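So the structure is just underneath, and the comments pick up after that.
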Amino acid sequence: MKSKLPTRIPGKSGPRPGQSATLRIVAREAGVSASTVSRIINGTVNVSEGLKRAVDAAIVKFDFRPNAAARGLALGRTSTIGVVAQAIDSPFYGEGLRGIEAGLRQRGYAPLIMSGNWRVEDEERCVQELIARGVDGVIVFAGRLSDAKLKMYAKSVPVVITGRRLRAPHLFSLQIQDAEGATLAVRHLAGLGHRQIAFITGSENHPDAIERLRGYRQALSDAGIEFNPKLVAVGDWHEEGGVRATMELLDTKLEFTALFCVNDQTAYGACLALYRQGLSVPQDVSVIGFDDLPSSTYRLPPLTSVRQSIGELGERSAHAILDLVAGRRPRMVAPSVELVVRESTGPRPETRKTPRRSGRNA
């Protein structure tokens, strides 16, 4: 049975200057008992959203931090969540990790972060080490581990995986709308009159890359454009891969007036490669990315991109893992995608410049 939102008792104050906030002070501010606050923080009671918001507001107001050690002893937990990212220095993962940290901090949990380096072997090592360290759950942020491996690890500790659709006991997945986002991107280019639309994918066996390629092909079909595999190049999710893949596309001598990139970092590299060959964006080639990283607004030209809120995805992942830890089945979904149009895309040019391979080298 859900608790009713109590009437707050007026005239109660917080801690005096220099005094640390306590559970009782938070409870008094929210108008509930200290034991209720404790159960809400630990996720061991089902309460109304209004009551939860009142307690959350009191925690924020007084910057209350539960005693993690005492709490862990009482619950038989460590109050830590393992997080496996792919590259912690990446702006994409940086946004996601900030969201995870914010979501965990609200409940007195701390992340223990490791990098999978885009290698299955490293991801396995990371998950195994995190479990050995006694984390209460593991978030695998856009990983390469097989479904079978993830299900196996979920037998030891709750697991949240982003970037795919997977169901199993003690495991929850948040499927990014990769195909839908790619379809939005290619439809936008086709709507501008482009018929020769190239695509730079990520690593070929990555779920996100596979889904974005599927969305690309579907949008081409919808627009009555024949798929040409020679207009697909393989990148590596980074700027260097975008440069290399764009040069490979130009080497084919096939005409393309638009370029959809698997992510924004790839698009940054693609724009650099086009610039070095004397081609302008978007006058000669329109370029579109995926992720809408904060820096995409400040590129020259500002990058058109498919926006997915990575920070929000990270925060929802944190809420999902804490639900699993508390024995509840999460009910959230991944943030929806939308197209953000900026100056890197424009109408199909009437005539296409021939790539100048002796172009700028800077």
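What translational diffusion coefficient, to the nearest whole µm²/s, does segment 178-303 have by Stokes-Einstein, given a Kirkwood radius computed over alpha-carbon pairs, a temperature of 25 °C and 0.890 mPa s viscosity?
Details: Rh = 14.0 Å.
Answer, rounded: 176 µm²/s.
Please order V138, V55 by the number of other Cβ within 10 Å, starting at the fewest. Each step should come with its number before you reach the end.
Working: V138 27, V55 23.
Lowest count first: V55, V138.
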Gyration tensor (alpha-carbon) shape descriptor, the chain, a/c threshold 1.5: prolate
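Calculated from DSSP H runs of 4 or more alone, at -39500 (n - 2.57) each and per residue, what is the 222 nm mean residue ellipticity of the chain, nearest 500? Before the final figure, lay out the partial values.
Values: 12 runs with 145 residues, N = 362.
Result for the chain, helices only: -12500 deg cm²/dmol.
Assuming R0 = 25 Å, can you tell me the calculated FRET efficiency for the pair R329 and D56, based on Cβ-Cβ distance, to the nearest 0.05? Write out the running numbers ahead of the final one.
Details: r = 22 Å, r/R0 = 0.86.
Taking R0 as 25 Å, the efficiency between R329 and D56 is 0.70.
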Label zone at R98 (point 7 Å along Cα-to-Cβ), backbone N below 14 Å, segment 293-330: 293-297, 309-315
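Counting DSSP beta bridges with both partners in the chain, what percentage is antiparallel, nearest 5?
Working: 4 of 35 bridges.
If we restrict to bridges inside the chain, about 10 percent are antiparallel.
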Axial C-alpha extent at least 15 Å, average Kyte-Doolittle at least 0.5 - helices from the chain (DSSP): 310-325
Exposed GluC sites (Glu not before Pro) absent - longest run of the chain, DSSP non-H/G/I/E/B, at most 16 other C-beta within 10 Å: 1-203
Packing rank of 170-179, 149-158, 286-295, where each peptide gets the mean count of other beta carbons within 10 Å, highest leading: 286-295, 170-179, 149-158
Test item: Cα-centred dipole of the chain, Lys/Arg +1 and Asp/Glu -1 on Cβ, debye: 1440
Spin-label model distance (nm) - D89 vs A223, 7 Å beyond Cα toward Cβ: 3.6
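Give me W118, W237 ranked fewest to most by other Cβ atoms within 10 Å of their Cβ, as a rough exposure proxy.
Values: W118 18, W237 26.
Fewest-to-most ranking of W118, W237: W118, W237.
One quarter of the convex hull surface, Cα atoms only: what value does that give for segment 130-226 in nm²? Mind dumping the intermediate values first?
On the way: hull surface 28.1 nm².
If you wrap the Cα atoms of segment 130-226 in a convex hull and average its projections, you get 7.0 nm².
Just so you know, all these numbers are worked out from the coordinates, no wet-lab data involved. Predicted, not measured: the structure shown is a model, and the values here were computed from it. Here the Cβ is made from the backbone with ideal geometry for all residues, glycine too, and neighbour counts use every protein chain on show.
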